[in-house]
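The values are calculated or read from the model by the stated rules, or taken from the named source; none is laboratory data. Model, not experiment: these values are computed from the prediction. Here the Cβ positions follow ideal geometry from the backbone for every residue, glycine too, while neighbour counts run over all protein chains shown. These accessible areas exclude ligands, DNA and RNA; they are computed on the full protein's heavy atoms, side chains included. Shrake-Rupley method; radii C 1.70, N 1.55, O 1.52, S 1.80 Å.
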Amino acid sequence: MTRVIAHRGASGHRPEHSRSAYELAVELGADAIEPDLVPTRDGVLVLRHENEVSGTTDVADRPEFAHLRTTKTVDGQVVTGWFTEDFTWDELRTLRVRERLPALRPASAAYDGQEGVLRLEDLLGILDAAPRPVGLVAEVKHATFFEQAGFPMAQLLDDALGAAGWRGDDRLTVESFEKTVLRQLGARGTGGRLVYLQEARGSAADEVAAHGSTAPSWASERTDEALAGFAAEFHGISVDLKTLMAGTDTAAVDDPRPVRSAIVDRAHAAGLALYTWTLRPENRFLPAPLRRGGDVAAHGDWERWFTSVLRTGVDGVFADHPDLAARARSLVGGSAD
């Protein structure tokens, strides 16, 4: 049945990637937790959605780090701010985390400044101490960019997992928008499930680095032939909700019938698991017919949306509110394997 994966922890309730977000995700019934991995200057893997951290920490208010503000091009995007790879771990750990969407989630923003940045091993410790098995779905960010900057992400991750006793653990899944790092992890024998993330449009950064303007698009990598090829290397693929739900209807909550999704059916036929991101209950993130009232921060008819997504037969859903995703799963009569 569908796994509920807490997206950056219970990030609808607490600032993302904070200790309290991870611990709350376990408490709320998540089957797995998804952290994003980026490195520090001294090669420590830390848990931040992006390597630029001005939107999720208090770094802009810290005069001792003003000299580290810079502009970089990351996967073709020009970004100005403060980047994890310019800090040592001892420096980065002094930053305090903040809610990324304070206008939409003021209750979460009330916890701003209370906690610090975490390392991968900190989260592994939380999972090891959990009262039940909880999986890890680790996303390797910007692998080609970091490789070119001298940070071999596959090696760093393999080493960190090995040191914590998680190498080859059944609870482990690694995902990335780049196939190269997944293949490197496979060659290293890191173990766990390997999942290839795909955007609706555009091309993977490793393909652009290798092929430039002739790089294959993510869309072209969703043909039956491409999916069959990936099944020999990877456990699954993960697509955005728009790709998952293309051509489907949002049916009633109590409707037991499956919702047909072409990409789910074709991935399963190829022998791949299919995951999707990200379930969020606020009006801002819901299809227009399911929004309720004029407040973008208010919860709309999330039950109808969540249950429709789950009835596609998708193997895992990423959710900011793992409690709501678990409730939706119970409404359609499912539970995690």
TODO: For region 132-190, enumerate the residues that are more than 24 Å from L274 (Cβ to Cβ), of a type outside the set (S, T, N, Q), open to solvent by 10 Å² or more (accessible area, probe 1.4 Å) and in a helix (DSSP H, G or I).
DONE: F145, E147, L156, D158, D159, A160, G162, A163, A187, R188
Task: Filtered residues of region 257-283 (kept if among the basic types (K, R), in contact with a helix residue (DSSP H, G or I) (Cβ under 9 Å, 6 or more places away or on another chain) and either assigned to a loop (DSSP other than H, G, I, E, B) or free of Cβ contacts under 8 Å to residues at least 12 places away in the same chain (or both)) - done: R280
Open item on the list: Residues that are among the charged types (D, E, K, R), at least 1 per element: which strands (runs of 3 or more DSSP E) completely within region 1-83 meet that?
Closed with: 3-7, 32-34, 36-39, 70-74
Open item on the list: Here are the criteria: (1) over 28 Å from L194 (Cβ atoms); (2) surrounded by fewer than 21 Cβ atoms within 10 Å (Cβ to Cβ); (3) among the polar types (S, T, N, Q). Tell me which single one T57 does not satisfy.
Closed with: (2)
TODO: Hey, can you tell me all the residues within region 98-130 that are outside any helix (DSSP H, G or I) and within 17 Å of L45 (Cβ to Cβ)?
DONE: G116, V117, L118, R119
Open item on the list: For region 62-77, check the following and say yes or no: at least one residue is open to solvent by 10 Å² or more (accessible area, probe 1.4 Å), under 20 Å from the mean Cα position of the chain (by Cα), within 28 Å of G202 (Cα to Cα) and charged (D, E, K, R).
Closed with: yes
- [ ] Determine which member of the set G81, G113, G125 is on the phi > 0 side of the Ramachandran plot, open to solvent by 20 Å² or more (accessible area, probe 1.4 Å) and not hydrophobic (A, V, I, L, M, F, W, C).
- [x] G113
- [ ] Give the residues of region 214-244 that are in contact (Cβ under 8 Å) with a residue 24 or more places away in the chain, surrounded by 14 or more Cβ atoms within 10 Å (Cβ to Cβ) and over 23 Å from the mean Cα position of the chain (by Cα), sorted by residue number.
- [x] A228
TODO: Assess whether A210 counts as being farther than 30 Å from S330 by Cα, open to solvent by 60 Å² or more (accessible area, probe 1.4 Å), of a type in the set (A, V, I, L, M, F, W, C) and at pLDDT 95 or above.
DONE: yes
Task: Verdict on A107 being of a type in the set (G, A, S) and buried (at least 24 other Cβ atoms within 10 Å of the Cβ) - done: no
Open item on the list: Tell me whether region 305-321 contains one or more residues that are of a type outside the set (D, E, K, R), surrounded by fewer than 21 Cβ atoms within 10 Å (Cβ to Cβ), at pLDDT 95 or above and farther than 24 Å from V134 by Cβ.
Closed with: no
